[in-house]
Amino acid sequence: MSEKNSSPVEAVDEGLSTHAIQTKWQEYWAENATFQAGGEDDTRPRKYVLGMFPYPSGDLHMGHAESYVYVDIVARFWRHRGYNVLNPIGWDSFGLPAENAAIQRGADPREWTYANIDQHKKSFREYGSSYDWTRVLHTSDPEYYRWNQWLFQTLYERGLAYRKDSPVNWCPNDQTVLANEQVVDGHCERCGAEVIKKKLTQWYFKITDYADRLLDDLNQLEGFWPHKVLQMQRNWIGRSVGADVDFTIEGRDEPVTVFTTRPDTLHGATFFVVAPDSDLAAELAADASAEVRERFDAYLAKVQKTTEIDRQATDRPKTGVFLERYAVNPVNGERLPIWAADYVLADYGHGAVMAVPAHDQRDLDFARAFDLPVKVVVDTTAPITGAMPVIEVDDDGVPIEPESLDDQHPAQTGIALAGEGRLVNSGSLNGLSKRNAIARIIQELEAAGTGRAAKNYRLRDWLISRQRFWGTPIPMIHTEDGRIVPVPEDQLPLTLPDAKGLDLAPKGASPLGAMGDWMATTDPETGEPALRDPDTMDTFVDSSWYFLRFMSPNSDAVAFDPAETARWAPVDTYIGGVEHAILHLLYARFITKVLFDAGLIDFTEPFSSLINQGMVLLGGSKMSKSKGNLVEFASSMVDPGADATRVALTFAGPVEDDIDWNDVSTTGAQKFLARALRVARDVASPVDVLFKDGDRDLRRATHRLLADAPGLVEQTKFNVLVARLMELVNVTRKTIDSGAGAADPAVREAAETVAVVLDLVAPHTAEEMWEILGHEPSVGLVPWRSADPALLVEDSITAVVQVNGKVRAQLEVPARIGEAELEELARADSRVIRSIGDKEIVKVIVRAPKLVNFAVKG
Ligand code: ANZ
C-alpha cells in the first residue's frame, strides 16, 4: 500500500501539524476530564454506551480501531444531544494468552498483561477515544476478581453452581477443559488442537434453569439487536417440545425414559437405541454375552474418538451393536430390540431414543442398514384439516393419480415420511392429525403414568472451571470429611500466588493444585486442615457482569452499587464483534437474570441495543497474529494521524460489512480533514454574526446536514454521515471561492456545523476548527443546533401536466406557485399544446404546485 506509506500530509499550510493538534487536544481532554460522566446531581438524561472490552493479548489491530471508533461516535453523539454519557473502558485481562506467553517466554503473566494494558491505554488516548478514565477496570485485579468470587458464591447460594463428574471436552494442547461453545468443528477454538472427551469433576453454572427465559426474552430485543444474533441465540438454546416416555427394559427394575418430539409416532417404534457412551449402555452391555461385550467395547473405543459433529452427520453410514436386550413399548407391549449406536448422543435428552424408522430419517437409515422393521403410522398422503387436496394434472390436463402410501413406503424409497398427515396403525390415535395425536397421546401417557409433556434444550449447563493459573481462583474449600464450603467472606479476595518463578506448564491439572502452601487452608467450621479448590474460573464469568462494575468501579464494599445501577443500567448501546454473538452475550444475559432474581438489579436484559461491526480483513482474510497478517493499530495510526485513521475506517463501508484494509484510504481522509480545517481558517465573519442571511444554497446544505445527521447516527449509517460532511465542506469551499466569499455568514454557519458534527469522527480536527472559529473548547460538549424547517423546504418542485390523465409534460416550478400561474405555464408548454391540438378543453383541474390536468374532447 504505497498510498498509506506516504509521508504525512500537513494539516494546514500555516498552523499546527496534525500531530501537534492531536497532542494539544489529548492533553486538554485529560486535564479537564472532559468526558467524565456526570455525577448524582447531573440532571441531564443518561446514556450508557459500551464497547466490548478488549483482551490484552498483544497489540491492538485495525479491527479494534474500527470497533472503537464506532463506540466513540455513539458516545460523542449522545453528549451533543444533551445526555450525560457513561463511556468506560476496561480489560478482560485473565486468560490463556498471558499464561501461554508466560510459559513460552518465561514472562510473568501479570507483568506481561499489565504491560499490554498500558500499551492499549496509550493507543486509546492517542486515538482520541472519549472514555471516562476514572472508571477503568482490569478483571485480573484482585479488586475486580474479588467480586467475581462474590458472584460465584451468590450463584452457589442460589443453587446455581454445582460440581459434577461428567465427560468434558479436553484440549490436549492447552491441557484444560473447554465449554461446548469453545469447541469449533471438533477443535479447540483457541489453539486448533483436536478436542477429546475426558471424565472430570468440574464446576458448572446452571444456565439451563434459565433456558426458557433466555429464549423468550429474545423477543423483547427484536429490532434492537441484529436479527442474525437473535437467531443464533435461539438456535444455541435450541428448545424442542415433545414428551418423555418411559420404557420398561426386560430384566431391569427401573424403566428408561426417552425424549421424543414425535410422541404421536409411538406405535411406529420398532427398535430402541442407547448412546454407546452412556451409563445405560455400559450397564446393558455388562450383562450381555462375552461376544457382544467384546464387540461393544471395541465399538465404544471407536466412538470415543469420534467428534459430536461427525456423529450427527446425516451422510455417515450408520453403525451400531445389538445388545441382546429388549425394551417394551408402553402403548402396545411390543418388544423392541436395544441397540447401541453413535448417532444417539449421551448428553442430549436422556441418551436413549425410541426409533421410528418410518418417520425419522436417522432411524430409517439405521433400520435399512441392519434390516430392522419399518412401520408406517402417519399417512402423509391423507389431507389434514382445512387443506384442499392438490390435484396435479399432466400436460393434457388429465389428473395424475396421487401416489399411494404404498408407493411412498420408506422401506422402499429410503425417505422417511416426516410431514403432516393422519395417524394409522395406532389404536386410539387413528384418524387424528399429527398435532391432535400428540396432544392425545400425551394425555394417555400421563393417565397411565408412563409419560408426560417435556421440553428439551440444546443448551447445556455452563462449565466454568479451568485447570489453569491465570484466572479467578474458585472461592470454595474442600474439607477433610468431604464437604465443600464457601471461603468465608472476610477471607475474600482469595488471591493468586505470585507467579514469578512458578512452573505454569500445563500438566492436566491446575498448577495451583501443586502449590502446597497456597492449597492449604482450614475448614471454616471445624478449624481442621482443608484444601482450596485448585481450579480457576472461565474468563467468560469475568465478562458476564463487568458492565455492572463500571457503575461503581472503585467500590470495595459492593460489586456494584444498586443506586448507581438504577441510574445508568442497562447499557443503552453495546458495540462489538459478531464473534461474541452467542457465548458472551448469552452468559451476560443469564447473569443479569440471576442478579435480577436476587433482587440486586431491576432489569432483566443487560444490553438494550447491540451493534455488531464487520471485520477488517487484510487481502481478503481475517487479520490474525498467527497468520502474520496483522496490521497493528498503534503504529499504523502514526503517519496518517488518529483522525484520518478514524475517518478512513468509518468511510470504508457500512458498519456491519467487512472491509479490507487494503481498500481503506487514509490519504483521502487526510485531504478531507485538511480541507475542513482550511475552511474554518478562511471564515471571515465575526464570531457573533447572525445566521440569518447569506448564501441560501449553502445555508440549505448546512441545515439539511443538521436535519439528517441524528437519524444517520441512530441508524448507524456512519459512512453516509462522513460522505455528507465531505459534501458540505466542498459546498462551503465553493461559496468561499466563487460565491459570496469568506465573509458571508453562511460560511461561518457551515464551518461551525462541520466542526460539531465532525467531532464524532475526527475529534482533534473538530476541536481545532472550533477554536479557530473563535469558540471555547470543548466542541465535544456543544449541543447540535436544530435545522431550520424553512430552509428544508424545497424551493422548486416538479409539476406534472396531464392531458386526459396521460402525463404530457413535467415543469420545474417555484414551490409556492399559485393555481392561475401554474395553469398558464402548463398551457404555454409546447408539448402540451401539441398534445391538445385542436381538441376542445372541457375541464381543467389544477392542484398547485404539483398537477394540472386538461380534459379534452373531439
Ligand atoms: C422419535 C421420533 C420419531 C423422533 C420421529 C423424531 C421423529 P430435536 O428436535 O433435535 O430435539 N433424540 C432424542 N434424544 C436423542 C439423543 N440423545 N441423541 C440423538 N437423537 C435423540 O430432536 C429430538 C428427537 O431426536 C427425538 O424425537 C428423538 O427422535 C431424537 F418421527 O423420537 B424422536
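The values are calculated or read from the model by the stated rules, or taken from the named source; none is laboratory data. Note that the structure is a prediction, hence the values are computed from the model and not measured. Here the Cβ is made from the backbone with ideal geometry for all residues, glycine too, and neighbour counts use every protein chain on show. Areas reflect the complete protein model, heavy atoms only, side chains present, ligands, DNA and RNA absent. Shrake-Rupley method; radii C 1.70, N 1.55, O 1.52, S 1.80 Å.
Some notes on this structure:
- Identity of the residue in the stretch 331-347, more than 14 Å from the ligand (Cβ to nearest atom) and open to solvent by 40 Å² or more (accessible area, probe 1.4 Å), that ends up farthest from Leu280 (Cα to Cα): Asn332
- Residues satisfying the stated conditions in the stretch 737-752, i.e. assigned to a helix (DSSP H, G or I) and open to solvent by 20 Å² or more (accessible area, probe 1.4 Å): Asp737, Ser738, Pro745
- Residue in the stretch 96-115 that is within 20 Å of Ala766 (Cβ to Cβ) and either at pLDDT 95 or above or open to solvent by 10 Å² or more (accessible area, probe 1.4 Å) (or both) present: no
- Residues in the stretch 777-800 that are open to solvent by 70 Å² or more (accessible area, probe 1.4 Å) and in a loop (DSSP other than H, G, I, E, B): Pro783, Arg785, Ser786, Glu794.
- Taken over the stretch 440-475, the residue count meeting the criterion of being more than 16 Å from the ligand (Cβ to nearest atom), among the hydrophobic types (A, V, I, L, M, F, W, C) and touching an Asp or Glu at 6+ places or on another chain (Cβ under 9 Å) is 6.
- Among residues of the stretch 667-697, those that are under 46 Å from the mean Cα position of the chain (by Cα) and modelled with pLDDT under 95, counted: 3
- Hits in the stretch 255-270 - residues which are hydroxyl-bearing (Ser, Thr, Tyr) and more than 8 Å from the ligand (Cβ to nearest atom): Thr257, Thr270
- Take the conditions (1) surrounded by fewer than 19 Cβ atoms within 10 Å (Cβ to Cβ); (2) modelled with pLDDT of 95 or more; (3) farther than 30 Å from Thr34 by Cβ; Gly774 misses just one of them, which is (3).
- Filter pass, Ala634 being part of a helix (DSSP H, G or I) and open to solvent by 10 Å² or more (accessible area, probe 1.4 Å): yes
- Qualifying residue in the stretch 377-386 (condition: within 12 Å of the ligand (Cβ to nearest atom), among the aliphatic types (A, V, I, L, M) and over 37 Å from the mean Cα position of the chain (by Cα)): yes
- Considering (1) among the hydroxyl-bearing types (Ser, Thr, Tyr); (2) within 12 Å of the ligand (Cβ to nearest atom); (3) surrounded by fewer than 19 Cβ atoms within 10 Å (Cβ to Cβ), the lone condition that Tyr326 does not fulfil carries the number (2).
- The one condition from (1) within 16 Å of the ligand (Cβ to nearest atom); (2) at pLDDT below 95; (3) part of a loop (DSSP other than H, G, I, E, B) that Thr319 does not meet is (2).
- Subset of the stretch 152-168 (residues that are part of a strand (DSSP E or B) and either in contact with a helix residue (DSSP H, G or I) (Cβ under 6 Å, 6 or more places away or on another chain) or touching a residue at least 40 places away in the same chain (Cβ under 8 Å) (or both)): Ala161, Tyr162, Arg163, Lys164, Ser166, Pro167, Val168
- Of all residues in the stretch 419-457 being over 23 Å from Pro255 (Cα atoms) and hydroxyl-bearing (Ser, Thr, Tyr), the one that is surrounded by the most Cβ atoms within 10 Å (Cβ to Cβ): Ser433
- Residue within the stretch 52-64 that is farther than 21 Å from Phe633 by Cα and either modelled with pLDDT under 95 or open to solvent by less than 20 Å² (accessible area, probe 1.4 Å) (or both) present: no
- Ala382 vs. criteria open to solvent by 20 Å² or more (accessible area, probe 1.4 Å), touching a strand residue (DSSP E or B) at 6+ places or on another chain (Cβ under 6 Å), in contact (Cβ under 8 Å) with a residue 12 or more places away in the chain and not acidic (Asp, Glu): yes
- Arg362 vs. criteria within 30 Å of Ala275 (Cβ to Cβ) and within 10 Å of the ligand (Cβ to nearest atom): yes
- Out of Ala355, Ala285, sole residue that is within 13 Å of the ligand (Cβ to nearest atom) and touching a residue at least 24 places away in the same chain (Cβ under 8 Å): Ala355
- Residue identified as touching a residue at least 12 places away in the same chain (Cβ under 8 Å), within 13 Å of the ligand (Cβ to nearest atom), open to solvent by less than 50 Å² (accessible area, probe 1.4 Å) and under 42 Å from the mean Cα position of the chain (by Cα) among Val273, Val241: Val273
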